[in-house]
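The structure under discussion appears below in the form of structure tokens.
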Amino acid sequence: MHAEAVPYMEDAAKLQPKNVSIRYNLGIHYQTKIKDYKKAEEWYRAALELDHDLCEARVNLGTLYILQNRQEDAIKELNLAAKKNPRNFPEPYTNLARLYLGKAVTNIKKAIELDPDLKTKYEKLLDACGHMPEIPDENNIEQGEKFDYKKD
């Protein structure tokens, strides 16, 4: 979607108040192209008002919260996405794992600062965590732009 299309998509959302796809795709566009996280959150929330089980919107909302350093909000949304995951997407679980690993690494590094003898005990774990992909993975979000919502 190009920036010029946004006003038309927003008009379409007004004309089609039950259309989840429009709201979800506007959230993606605001998040990935415009980087207006407040508007992205509003559109994801609008999509979730119509379908509480829309895992993709919850994952993207969790990622959005990570980008804003709102870790607790991210964990809440990703846990909800994991519970309501009818298509068995792995993203809620991988994003939660990377988020928790990030917290673990921060805490291990702090412990090593306080007791440098712990470095040898945890260096393999820290090395392995250093090879984890960073979150958020914006590429996964952009793929959702092709999302055409059909509720079973």
Exercise. Which whole-number percentage describes the relative contact order of the stretch 10-145, with Cα contacts under 8 Å and a sequence gap of 6 or more?
Worked result: 22 percent
Exercise. Summing +1 for each Lys or Arg and -1 for each Asp or Glu, what net charge is found among the other residues whose Cβ lies under 15 Å from the Cβ of LYS109?
Worked result: 0
For this session: With only alpha-carbon atoms counted, please give the Rg and Dmax of the stretch 10-145, in Å.
Result: 17.6, 64
Seminar exercise, completed: Once the dipole of the stretch 33-129 is set up from charges on Cβ (+1 Lys and Arg, -1 Asp and Glu), the residue from the list LEU125, ALA81, TYR37 lying farthest towards its positive end is LEU125
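FYI, it's all coordinate maths here, none of it is from the lab. Note that the coordinates shown come from a computational prediction; the quantities given were computed from them, not determined experimentally. Counting neighbours? That spans all protein chains shown, and the Cβs are built from the backbone with ideal geometry, glycine included.
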